[in-house]
Every structure is written in C-alpha cells, then in structure tokens.
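Note sheet for the following structure.
The values are calculated or read from the model by the stated rules, or taken from the named source; none is laboratory data. All values derive from a computational prediction rather than experimental measurement. Glycine gets a Cβ as well: all are built from the backbone with ideal geometry, and neighbour counts include every protein chain shown.
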Amino acid sequence: MTTILPMFLNAMTLVSILMLVGLGLAVIYGLMGVINMSHGDFITIGAFSLALIQSFGGSFWLALLLAPLIGALIGFLIERSIIQFLYKRPLATIMATWGLSLIMQQSLQLIFGAAPQRVYSPITTSVEVLGVNYPAYRLVMIAMAIAIMVAAYLFIRKTRFGLDMRTVIQNPEMADALGIDTKRVFAIAFSIGAGLAAAAGVLLAPLTVVIAQMGINYLARSFFVVIVGGAGSVPGVVAGSAFVGGTETLLNYAIPATLAQALVLVLAIIVVRFRPSGLVPG
C-alpha cells in the first residue's frame with residue numbers, strides 16, 4: 001500500500017491536468033477541427049498569471065478565478081483576428097498557430113525574463129491517506145479538476161449553448177441552416193478551450209518550473225488525450241487522460257521519462273489503429 005497508493009495518486013495528478021488541458025483542446029479540435037499548436041501556451045499564460053498576481057500580493061485562489069478569464073479573452077482575440085479566417089485551411093492553421101506559439105513564448109520571455117517565475121502553493125501541508133503521507137495540494141487539485149470536468153459535462157449537456165455546440169459538432173452546415181450562429185459558437189468555444197488550459201496552468205504551476213516554454217511539454221500529450229479518447233466527447237477526454245496519464249506515470253517508475261513518453265505514443269497509435277474514433281466516440 002505504501003508504494004501503490006502514492007503511485008495511484010501521482011497518476012491521478014497527471015490525469016487531472018491532462019483532463020483540463022485535453023478538454024480545452026477537445027472543444028477546439030472537436031468542434032472546429034482546428035489543430036491549435038498554441039494550445040499549450042495558454043497553460044503558460046495561466047501559470048504566469050498566477051506568478052504576476054502573487055507578485056502583487058494576490059492569492060492563489062484569486063489567480064484561479066482571473067487566469068481563465070485572461071486566457072479566454074486572449075483566446076477570443078486570437079480567434080476573431082486569426083483563426084476565423086483559416087477554418088477551411090488546415091495547413092495554414094497549423095502554421096499560423098505554431099508561429100503564434102513562438103510569438104507568445106518570446107513575448108513572455110521578453111516581458112518576464114528567462115528565469116523561472118516564483119509561485120507559491122496555497123497548501124503546503126501533507127495529509128495521511130490510508131497510512132501514507134501525501135501532499136494535500138495534490139489532493140485538492142485532483143478534486144478541483146474532477147469538479148471542473150463534471151461542470152463542463154453538465155454545461156454541454158444541459159444548457160442551450162451546449163446544445164448548439166453539440167449540433168455544430170455533428171453537422172455545422174445543418175446547424176447554420178437552422179439559424180445557429182456558428183461564428184459565435186466557434187468564438188465562444190475557442191475562448192472556453194483557452195480558459196480551461198489557463199486554469200490548468202494555475203493548478204500545475206506550484207508543481208513545476210514556470211518558464212515561457214512550459215506549455216510545450218503538455219501540447220503533444222493533450223493531442224494524445226483527444227485522439228485516443230475521442231474528439232468532442234467529455235467522457236472521451238476522461239478516458240484518454242486516464243490512458244495517457246496513467247500509462248506514463250506507471251512507466252516512469254520503471255524506465256526513463258523520455259522513453260516512457262515515447263512508449264505512450266506507440267500505445268496511442270495502436271489504440272487509434274484499432275479504434276479510429278477513440279475509446280469513447282463523441
């Protein structure tokens with residue numbers, strides 16, 4: 001138990017982060033078919049928002065409220081100024097968002113410097129779980145990620161905008177013919193996806209090194225989550241996150257981290273080969 005429980009909780013920590021990042025990407029990719037290469041940088045925006053707010057004496061919880069709004073606002077501006085003109089040009093979208101990613105990274109580095117940003121965890125104590133001491137913050141983070149996923153699922157299933165989103169995902173032409181403002185849906189959905197990634201950045205920041213390139217480490221993983229789990233499906237994001245995060249954590253105990261990530265990619269390819277629509281299709 002002293003080995004298995006920490007291993008399980010460590011896996012849940014990574015799964016929780018991947019769920020939030022993957023959900024944001026699933027909204028963007030599943031709804032609009034946009035391969036957003038700058039998605040990982042919204043994680044960085046969330047983490048830097050935390051560092052900035054704490055540097056002015058603000059709390060972690062204030063940053064957790066404001067960072068998703070900052071990420072959503074930046075996402076909205078990007079969608080309106082760039083992405084909306086590239087929906088039918090996938091290669092151009094990849095190139096544009098990759099260039100945007102480089103610009104965002106360099107801009108953060110020029111403004112804040114290359115040195116790691118200082119952030120503080122809101123909870124520094126440990127709690128005993130079945131006889132094992134474990135950092136309390138990680139448990140809170142897992143619980144918050146689960147709560148956000150449940151709220152997102154209810155939002156998509158129970159609200160009018162959620163119905164519009166699902167309609168556009170299934171058949172954008174028919175949705176447009178029925179009078180749904182698809183441009184509005186796209187803009188709001190892109191903003192939501194960016195905001196979710198920024199929230200993940202705030203939660204992740206106390207556990208990692210906050211630098212301008214930190215989001216790159218989660219970009220490929222988030223794509224694995226969406227493709228393996230099933231684009232456009234909240235349960236699919238959960239399944240994909242569990243597969244990618246759980247497998248990578250378990251492999252990290254036996255082999256080097258880079259090799260573990262490579263093996264996860266191989267396993268993801270095998271899963272997609274036999275289930276092209278993902279583990280839980282939308």
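The one condition from (1) closer than 20 Å to Leu18 by Cβ; (2) in a helix (DSSP H, G or I) that Met214 does not meet is (2). The set of residues in the range 272-282 being within 21 Å of the chain's Cα centre (by Cα) and not hydroxyl-bearing (Ser, Thr, Tyr) consists of Val272, Gly278, Leu279, Val280, Pro281, Gly282. Exactly one residue among Arg221, Arg273 is among the charged types (D, E, K, R), assigned to a helix (DSSP H, G or I) and loosely packed, with under 14 Cβ neighbours inside 10 Å, and that residue is Arg273. Scanning the range 9-43 for residues being not polar (S, T, N, Q) and not in a helix (DSSP H, G or I) gives a total of 4.
The set of residues in the range 2-21 that are surrounded by fewer than 18 Cβ atoms within 10 Å (Cβ to Cβ) and either closer than 12 Å to Ala143 by Cα or free of Cβ contacts under 8 Å to residues at least 40 places away in the same chain (or both) comprises Thr3, Ile4, Phe8, Leu9. Sub-6 Å Cβ pairs linking a first residue in the range 248-269 that is touching a residue at least 40 places away in the same chain (Cβ under 8 Å) and closer than 14 Å to Val225 by Cβ to a second residue that is acidic (Asp, Glu) and surrounded by 14 or more Cβ atoms within 10 Å (Cβ to Cβ), at least 6 apart or interchain, are Val264/Glu248, ordered by first then second residue.
Let's see how each residue does on (1) closer than 17 Å to Ile43 by Cα; (2) in contact (Cβ under 8 Å) with a residue 60 or more places away in the chain:
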| residue | (1), (2) |
| --- | --- |
| Ile70 | yes, yes |
| Pro90 | no, no |
| Gln105 | yes, yes |
| Gly113 | no, no |
| Val119 | yes, yes |
| Val129 | no, yes |
| Phe155 | no, no |
| Phe161 | no, no |
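Could you say whether any residue in the range 229-240 is in contact with an Asp or Glu (Cβ under 9 Å, 6 or more places away or on another chain) and either of a type outside the set (A, V, I, L, M, F, W, C) or part of a helix (DSSP H, G or I) (or both)? No, every residue in the range 229-240 fails to be in contact with an Asp or Glu (Cβ under 9 Å, 6 or more places away or on another chain) and either of a type outside the set (A, V, I, L, M, F, W, C) or part of a helix (DSSP H, G or I) (or both). Based on this model, can you work out whether Ile169 counts as over 30 Å from Gly57 (Cβ atoms), touching a helix residue (DSSP H, G or I) at 6+ places or on another chain (Cβ under 9 Å), surrounded by 17 or more Cβ atoms within 10 Å (Cβ to Cβ) and not acidic (Asp, Glu)? It is true that Ile169 is over 30 Å from Gly57 (Cβ atoms), touching a helix residue (DSSP H, G or I) at 6+ places or on another chain (Cβ under 9 Å), surrounded by 17 or more Cβ atoms within 10 Å (Cβ to Cβ) and not acidic (Asp, Glu). Taking the listed residues Ile35, Ile78, Ile53, Ile83, the one that is in contact with a helix residue (DSSP H, G or I) (Cβ under 6 Å, 6 or more places away or on another chain) and buried (at least 17 other Cβ atoms within 10 Å of the Cβ) is Ile53, with no other qualifying. Based on what the data block shows, is Thr93 surrounded by 12 or more Cβ atoms within 10 Å (Cβ to Cβ), at pLDDT 90 or above and part of a helix (DSSP H, G or I)? Here the answer is no, as Thr93 does not meet what is asked. Going by the conditions given, is Ala262 over 18 Å from Met149 (Cβ atoms), out of contact with any helix residue (DSSP H, G or I) (no Cβ under 9 Å at 6 or more places or on another chain), small (Gly, Ala, Ser) and in a helix (DSSP H, G or I)? Against the criterion (over 18 Å from Met149 (Cβ atoms), out of contact with any helix residue (DSSP H, G or I) (no Cβ under 9 Å at 6 or more places or on another chain), small (Gly, Ala, Ser) and in a helix (DSSP H, G or I)), Ala262 qualifies.
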